[in-house]
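Report on the structure given below.
Bear in mind these aren't lab numbers, they're just calculated from the coordinates by the rules spelled out. Computed from a prediction, not measured in an experiment: that's the story for all the values here. Every residue, glycine among them, receives a Cβ derived from its backbone with ideal geometry; neighbour counts consider all protein chains shown.
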Amino acid sequence: MPDGAQPSTIEDLSGALGQGGWIEGGSDDAAPYLTDWSRAFTGSALGVARPTDVAGVQTVMRFAKAAGLGVVPQGGHTGLVGGGTPYSNANVIVLSLRRMNKIRSVDPLNYAMVAEAGVILHDAQQAALEHDRFFPLSLGAEGSCTIGGNLSTNAGGVNVIRYGNARELVLGLEVVLPDGELWEGLRPLRKDNTGYHLKHLFLGAEGTLGVITAAALKVFPRPMRTACGWVATPSVRDALKVLETVRQETGDAVETSELITRQVVNIVTEHMEGVRDPLPSDSPFYILMEVSTTRKSEGGESPQEMLEGALAAALEAGYATDAVVAQSDQQRADFWQIRELAPEASQRMNRPRVTWDVTLPISALPEFYDAAMARMNEVAPDVIFSGFGHMGDGNLHYSAIGDRAKDIRDLLDRTLYDLVMEFDGSFSAEHGIGQKRLDELQRYKSPVEYRLMQGLKRMLDPDGRMNPGKIVRMD
């Protein structure tokens, strides 16, 4: 194909993308791109395009437009709602951004970093650390998920309480639009009061409006010292009081605050080798929390002293019944094992399991938790229900374990989501909509919101090319 010519056939497209740039859809090599991480969604595609630069992405988009094909953008493919997985429809191309994996720049003085969409989250964290800076987005899949996927799903993770969701970590974006045109919006500015901030259209859009190819990201002073505590507390309401106390006593130095139930501790310690219960007390709830400081000097109160003092106040007030502060990195890792291994431990129970990802106003968590337990047990008394997760930002990973759980999934969904909406919450906190929650979005969004979302889709992607069938229905 002549230099600069637009490919007109799959063979031309493969040649334009270079070695390793195209995988045939029916090949074994394509299979990992066609099934999501949870194995719940599997589709088909003409092939997988794997460009290494922005020009390659533009070539794919222009080819897809000319050929009337859909495009499914994909990052690390670690999602849980089928957002990066095609349907069983061969009239699409999967566009993998994994080979666009360069850190283009780190500007320590501006506290900014420019990373391409295929950069692994862990690699972005390390690039910041190499310049004595901190990129705070942190989640379980950080060793394989990518920046583009994180931004396209507005990922959350464990540090939202202090730093916010992925959306709040973005200064600017570079985006290839559905027709192949490039929007260059990588300005790393904190203040830019020049009308509509277009970046927000693409954050959390799951690739339905355009393809994020790079992002200007916020980085922060590097935490130099951290303290980690494991706290027993009698109720969700008391857990919030513990969090409030620690935030006040430490000057709001809390980075993480995870709610964990006794049930979760039991499941993990019973089904995972080498995991120990941090406290002998049989408490219904626990909090895993961390505080940190960016001070390099040893002067002043250390994070460990701050946390110990704050927990002493919580114990005296009766909000906590027992507590231990990690005395080593290994002990800190032992605390975190319980939180991080909870999903795998639940799977090892070898019983049907259903999970939800909901969020509430933080102040509503205690009342919601009690109401959810009562309502869900009324609907399915033979199913075990539990909620744990990022208490500091109101995000609960609610779960059901029992032989009937999957058989009555629709009933359980509706029961829980109706209750979530009664408390002004959201049925999707950080996992997105994808193809899993299309019905819920249409049911629970107001007609005005849903029409606005459809209008944005029609304006930016009039042919419905971008990640077809995800988030909003256009029929």
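Overview of values
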read-out: Extension reserve of the M349-D407 stretch, reckoned as 0.36 nm per residue once the Cα distance is removed; value: 19.1 nm
read-out: Charge sum, other residues only, whose C-beta stays under 10 Å from G389's C-beta, Lys/Arg counted +1 and Asp/Glu -1; value: -3
read-out: Only Lys, Arg (+1) and Asp, Glu (-1) charged, at Cβ; the stretch 103-221 dipole about Cα centre in debye; value: 440
read-out: Cα-centre dipole for the stretch 351-430 with unit charges at Cβ (Lys and Arg positive, Asp and Glu negative), debye to 20; value: 340
read-out: If the convex hull is drawn through the Cα atoms of the stretch 225-343, its volume per residue in Å³; value: 95
read-out: Within the stretch 62-166, percent of DSSP bridges classed antiparallel, to nearest 5; value: 50
read-out: Relative contact order [Cα under 8 Å, 6+ residues apart], the chain, whole percent; value: 15
read-out: Principal axis box of the stretch 1-44, alpha-carbon based, largest edge first, Å; value: 42, 17, 15
read-out: Value of relative contact order over the stretch 225-343, rounded to a whole percent, pairs C-alpha under 8 Å and six or more apart; value: 46
read-out: Within the stretch 443-475: backbone nitrogen closer than 18 Å to the W183 label point (7 Å, Cα to C-beta); value: 452-468, 471-472
read-out: Estimated FRET transfer efficiency when R0 is 35 angstrom, pair A317-D382 (beta carbons, to 0.05); value: 0.35
read-out: Sorted by Cβ neighbour density within 10 Å, fewest at the top, the residues H77, H122; value: H122, H77
read-out: Around A49: net Lys/Arg minus Asp/Glu count, Cβ-Cβ under 14 Å; value: +1
read-out: Gain on full stretching of the segment that runs from N266 to K445 - 0.36 nm per residue minus C-alpha separation; value: 60.7 nm
read-out: Once exposed loop GluC sites (Glu not before Pro) are cut out (DSSP; at most 10 other Cβ, 10 Å), longest piece of the chain; value: 1-272
read-out: Environment charge at A364 (Cβ cut-off 10 Å; Lys +1, Arg +1, Asp -1, Glu -1); value: -3
read-out: Projected-area average for the stretch 417-475 over all orientations - Cα convex hull basis, square nanometres; value: 4.3
read-out: Full-stretch length increase - L129, S302 - with 0.36 nm per residue and alpha-carbon distance subtracted; value: 60.1 nm
read-out: Two-decimal log10 I(q)/I(0) for the stretch 351-430, as the Debye equation yields it once each C-alpha is a single scatterer, q = 0.12, 0.19, 0.26, 0.27 Å⁻¹; value: -0.28, -0.72, -1.31, -1.39
read-out: Whole-number D in µm² s⁻¹ for the stretch 10-96, Kirkwood Cα-pair radius fed into Stokes-Einstein, 37 °C, 0.692 mPa s; value: 257
read-out: Nearby lysines by direct alpha-carbon distance to K218 (threshold 18 angstrom, same-chain neighbours under 8 apart not counted); value: K102, K191, K199
read-out: The stretch 1-149: C-alpha pair distances exceeding 24 Å, %; value: 37
read-out: Given charges at beta-carbon only (K, R positive; D, E negative), |dipole| of the stretch 33-117 in Debye; value: 160
read-out: MRE, 222 nm, helices only [DSSP H, n ≥ 4, -39500 (n - 2.57), over the chain, to nearest 500]; value: -9500 deg cm²/dmol
read-out: Euclidean distance of C-alpha centroids, the stretch 336-352 and the stretch 196-275, integer Å; value: 18
read-out: Pairwise Lys count, the stretch 369-475 - Cα closer than 16 Å, eight or more residues apart or different chains; value: 6
read-out: From the coordinates shown, Cα extents along the principal axes in Å corresponds to which of [x] 76, 56, 45; [y] 61, 52, 50; [z] 61, 53, 42; value: [x]
read-out: At R0 = 30 Å, FRET efficiency that the Cβ-Cβ distance of M224 and T35 yields, to 0.05; value: 0.10
read-out: Theoretical FRET efficiency, 1/(1+(r/R0)^6), r = Cβ-Cβ of D282 and S88, R0 56 Å, to 0.05; value: 0.70
read-out: Cα centroid separation, the stretch 88-107 to the stretch 52-80 (Å); value: 7
read-out: Over the stretch 351-430, relative contact order from alpha-carbon pairs under 8 Å, at least 6 apart, %; value: 48
